[in-house]
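Beneath this line is the structure, given in structure tokens, with notes to follow.
Derivation of every value follows stated rules applied to the coordinates shown; laboratory data play no part. Keep in mind that what you see is a predicted model, and the values were worked out from it rather than measured. Because the Cβ atoms are built from the backbone with ideal geometry, glycine has one as well, and the counts that use them run over all protein chains shown.
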């Protein structure tokens, strides 16, 4: 009996393997529930609440209600701090093999979110006193709102230095957030799950955030310089050059008019607004035209300011402008030269509405006479149509129109128009319809970092910039369409062969280009569309070897410039016709792994949406309208 009882006791002894495994399993499940499953459940519930809260923040921002944005952000911050505390309960998982990496990535996301919320709260607090000035609603003192717009702008400029003080602190939070995001390893995620892409989305978010963070870092010097640029301490003078992109030139368009304006503590004053010919006439002796003009232009033997934007690099064109401007009797000292094209006019009219200048009403609506915005047709009609009398300052109307738009913008309530106008200006800077040169080195560097300075960039991969110049081809760039096929063939030995096929098409008929006044019979025609006489330059990696150039009417030239190799030719496009140019060349470097191939395509200023199709080893990689510079990375 005693022996049976002892055996029974041994049967249920804790040390027996089966019972020990069972008890350990129960302990693991209990611990797992309290230390992993339960925290994850809490995290998911709080995460969904924060998701809804962020939608409220977004809605408040869309309604331009800064007070609500500030309140919603602070509430979001409280909720996120609670989520962050709960999340710490599962970070121990980071030390478990196989699954620990996912916990590390989750922690990186949470910490990055915390830093970004900090940056957001600081940013809103910094701009809150000037909400109305930047297009946001805010319950400000009525006396401030009743003041003239120029006075409100002056107040903003004079206190802008108080805002930019916070830029460094904001940048610290953005940098820390980026450091956390860059720790995420996309390779640990499957390419797809249940038919949905996983890894590509993680890579896209990581790269996009890194790019945005870098952009903010690049923008910081500009933001800190902004009070100085706007004349907070000392009056600043700027020259504005107006480019007609319908007569395409290397940095955007034919220089047709100019203005000189001053900014003193945020107040604008226009000193002069005239056509470019009056500026050329202020130079007594013009030098002989350079090779490019003598070779490709039509009946031009002297070098004029109106033709000075010869380089695709805006800084280089500015230097040519300055060499000529130095001898002008109208020369003034200036702190910057800003070039704008017609897209800025059209976009401004879209926002501000129809505007009357010199008795002419200008609009952004489509005019059937040219199938283009009415403002474009009216300016061409005013400037280029031959008449029986002498038109004084015929191209100065363009400067007057921009001045009128500026005054109109200042005259309205900032909350009504300044927000959209600011967004429009940033868009046009990004798309190179506005180019900026500053004499101050730090300000210029800031513009270059933001890609607002129209520079040809150095690049450590494949590179492409196609630059077209309309020399005496009327305003045919209004109609000519561009289609570019970029083909890359990467051989097994690493050799890279590139082929470009550029199709130019002009679907519209020839204009009446009889430029003489016909007395009682009528007027000469408005010559908008004629044969495009196109000086073409292809910028590729320095050291590339040209193997073929088809379609040029002149001898093809090859040389190095701006850190690139250039293939130069000349061709024509007839109205209701087309022309094709094909260029083949070999890159100066090898690509051993196809996934290492990358290509930077830089857009020509003034152009909009040239159609590109990019192939690598016969496979379509990208189809896009080239609106901004584009980097294509296979990996």
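For the pair residue 457 and residue 381, the difference between a 0.36 nm per residue extended length and the Cα-Cα distance amounts to 23.6 nm.
Label-to-label distance for residue 499 and residue 185 is 4.2 nm, based on points extended 7 Å past Cα in the beta-carbon direction.
By how many nm would the segment from residue 615 to residue 323 grow when fully extended, if each residue of separation counts as 0.36 nm and the alpha-carbon distance is taken off?
Working: separation 292, 0.36 × 292 = 105.12 nm, distance 4.26 nm.
My answer for the length gained is 100.9 nm.
Among 44, 79, the ranking by other beta carbons within 10 Å of each residue's beta carbon, starting with the fewest, stands as 44, 79.
For segment 462-633, the relative contact order comes to 30 percent (Cα pairs under 8 Å, sequence separation of at least 6).
How much length, in nm to one decimal, is gained on full extension between residue 627 and residue 553, taken as 0.36 nm per residue of separation minus their Cα-Cα distance?
23.8 nm
Mind checking Rg over Rh on segment 462-633, alpha carbons, Kirkwood formula for Rh? For segment 462-633, the value is 1.07.
Only Cα pairs under 8 Å and 6+ residues apart enter the sum, and on that basis the relative contact order of segment 526-585 stands at 44 percent. The mean sequence separation of alpha-carbon pairs under 8 Å and at least six residues apart, normalised by the residue count of segment 237-449, gives a relative contact order of 23 percent.
Per-residue Cβ neighbour counts within 10 Å put 92, 418 in the sequence 92, 418, beginning with the fewest.
Cβ-to-Cβ counts within 10 Å put 508, 72 in ascending order as 508, 72, the fewest first.
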